[in-house]
């Protein structure tokens, strides 16, 4: 059956192409009402025990998603919990104890928050990966039937940009083993100087391999939402040290196709009149390799229709 038309929607892609195109729904209004509206357009296969993967941030991070908006959204998803994993780097979230304290400080107290690697990890296979054969994910990830990838789209110190691929490619990997694998490191011999960690295209490929493992595990029971607000060139990992955003908020995008969604988000940044700083961050880190790697791994459709619902 064909997708029913969205009342009042408009295809604003402005592109001509042959073949199929993924649907990416878009609104310029960043609030709970429109986040929920987008979710209801793509949630057909979300059921059972539902994980909501988002970046809960370091303490007092100024750019993390508004808690009231996420709270209203989570209330619309029965049997759901926010899910996270501990970090590899030293900070506010590198142990479960510190992570739980940071969650309280940042206001993530309105629903269950599952630190998925609290009890260890589980290997997810990477089928036909560019480098990885498997990735150690937070062990609790396998307990969920469906996954909502709710992403604060922004820049990233190593990745260039942090979209849906980064959210699950790094975020679902266990703190001490999986994240080391995604960074191209030996979990038993991690250099203290992170300048020695692999960067550039190799890191993008590892991150995309890891994201593919999670996408393959959930199949059709995974959807993706990018919230393009307060887009610093730095990730929410930077906390209060993050650079102040220089690009205006753009909106919320949602799709069942991870490649189409991150591609559309990047295209909107490149089309923005004030996108210079974020574009520079993306390009100096070879961040667009995330998109081409997804194409090579057949993770989605690079052609998309951007359908505005406002």
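The values are calculated or read from the model by the stated rules, or taken from the named source; none is laboratory data. The structure presented is a predicted model; accordingly, all values stated were derived computationally and were not measured. Virtual Cβ from ideal backbone geometry, glycine too; neighbours counted across all protein chains shown.
Out of the residues in region 112-126 that are assigned to a loop (DSSP other than H, G, I, E, B) and more than 23 Å from residue 294 (Cα to Cα), state the one that is nearest to the chain's Cα centre (by Cα).
Here is the first cut: in region 112-126, the residues assigned to a loop (DSSP other than H, G, I, E, B) are 112, 116-120, 126.
Of the ones still in play, those that are also more than 23 Å from residue 294 (Cα to Cα) are 112, 116-120.
Details: 112: 20, 116: 16, 117: 18, 118: 21, 119: 23, 120: 22 Å.
Once the filter is applied, the top-ranked residue is 116.
Would you call residue 87 closer than 25 Å to residue 257 by Cβ and either assigned to a loop (DSSP other than H, G, I, E, B) or in contact (Cβ under 8 Å) with a residue 24 or more places away in the chain (or both)? It would help to see each step written out before you state the result.
On the way: closer than 25 Å to residue 257 by Cβ: no; either assigned to a loop (DSSP other than H, G, I, E, B) or in contact (Cβ under 8 Å) with a residue 24 or more places away in the chain (or both): yes.
The answer is no for residue 87.
Inside region 38-82, can you point out the residues that are in contact with a strand residue (DSSP E or B) (Cβ under 7 Å, 6 or more places away or on another chain), over 20 Å from residue 115 (Cα atoms) and assigned to a helix (DSSP H, G or I)?
38, 39, 41, 42
For region 38-66, which positions are surrounded by 18 or more Cβ atoms within 10 Å (Cβ to Cβ) and over 18 Å from the mean Cα position of the chain (by Cα)?
In the first step, residues of region 38-66 are kept if they are surrounded by 18 or more Cβ atoms within 10 Å (Cβ to Cβ); the result is 38-39, 41-43, 46, 50-58, 61, 63-65.
Correct list: 41 only.
Just give me the residues in region 278-294 being touching a residue at least 24 places away in the same chain (Cβ under 8 Å) and either buried (at least 16 other Cβ atoms within 10 Å of the Cβ) or within 24 Å of residue 150 (Cβ to Cβ) (or both), in sequence order.
Within region 278-294, 278, 281, 282, 285, 286, 287, 288, 289, 290, 291, 293, 294 qualify.
Give the residues of region 295-310 that are within 13 Å of residue 266 (Cα to Cα) and crowded, with 21+ Cβ neighbours inside 10 Å, sorted by residue number.
Hits for region 295-310 are 304, 306.
Among the residues of region 184-208, write down those that are in contact with a helix residue (DSSP H, G or I) (Cβ under 7 Å, 6 or more places away or on another chain) and surrounded by 16 or more Cβ atoms within 10 Å (Cβ to Cβ).
Passing the criteria: 184, 190, 201, 204, 205, 206, 207, 208.
Can you pull out every residue in region 191-224 that is within 23 Å of residue 52 (Cα to Cα) and part of a loop (DSSP other than H, G, I, E, B)?
Result: 219, 220, 221.
Could you check, for region 4-23, whether at least one of its residues is closer than 23 Å to residue 235 by Cα and either modelled with pLDDT under 90 or surrounded by 19 or more Cβ atoms within 10 Å (Cβ to Cβ) (or both)? Break it down into steps so the answer makes sense when it comes.
Residues of region 4-23 that are closer than 23 Å to residue 235 by Cα, as a first pass: none.
There is no residue in region 4-23 that is closer than 23 Å to residue 235 by Cα and either modelled with pLDDT under 90 or surrounded by 19 or more Cβ atoms within 10 Å (Cβ to Cβ) (or both).
Of all residues in region 146-190, count the ones that are assigned to a loop (DSSP other than H, G, I, E, B), out of contact with any strand residue (DSSP E or B) (no Cβ under 7 Å at 6 or more places or on another chain) and on the phi < 0 side of the Ramachandran plot.
Step one: filter region 146-190 for residues assigned to a loop (DSSP other than H, G, I, E, B), giving 153, 157-159, 163, 170-172, 174-177, 183-185, 187-188, 190.
Remaining after also requiring out of contact with any strand residue (DSSP E or B) (no Cβ under 7 Å at 6 or more places or on another chain): 157-159, 170, 175-176, 183-185, 187-188, 190.
With the extra rule that they be on the phi < 0 side of the Ramachandran plot, the set shrinks to 157-159, 170, 175-176, 183, 185, 187-188, 190.
The number of residues fulfilling the criteria is 11.
If residue 109 meets every condition in (1) in contact with a strand residue (DSSP E or B) (Cβ under 9 Å, 6 or more places away or on another chain); (2) part of a loop (DSSP other than H, G, I, E, B); (3) free of Cβ contacts under 8 Å to residues at least 40 places away in the same chain apart from one, which number is that one?
The single condition residue 109 does not satisfy is (1).
Condition check ((1) buried (at least 20 other Cβ atoms within 10 Å of the Cβ); (2) assigned to a helix (DSSP H, G or I); (3) within 15 Å of the chain's Cα centre (by Cα); (4) at pLDDT 95 or above) across all residues:
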{"site": "237", "(1), (2), (3), (4)": "yes, yes, yes, no"}
{"site": "245", "(1), (2), (3), (4)": "yes, no, no, yes"}
{"site": "254", "(1), (2), (3), (4)": "yes, no, yes, yes"}
{"site": "262", "(1), (2), (3), (4)": "yes, yes, yes, yes"}
{"site": "274", "(1), (2), (3), (4)": "no, no, no, yes"}
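Run residue 166 past the list (1) touching a helix residue (DSSP H, G or I) at 6+ places or on another chain (Cβ under 6 Å); (2) within 17 Å of residue 289 (Cβ to Cβ); (3) buried (at least 22 other Cβ atoms within 10 Å of the Cβ) and report the number of the one that doesn't hold.
(1)
Confirm whether residue 129 is under 18 Å from the mean Cα position of the chain (by Cα) and at pLDDT 95 or above. Walk me through it before giving the result.
Details: under 18 Å from the mean Cα position of the chain (by Cα): no; at pLDDT 95 or above: yes.
No.
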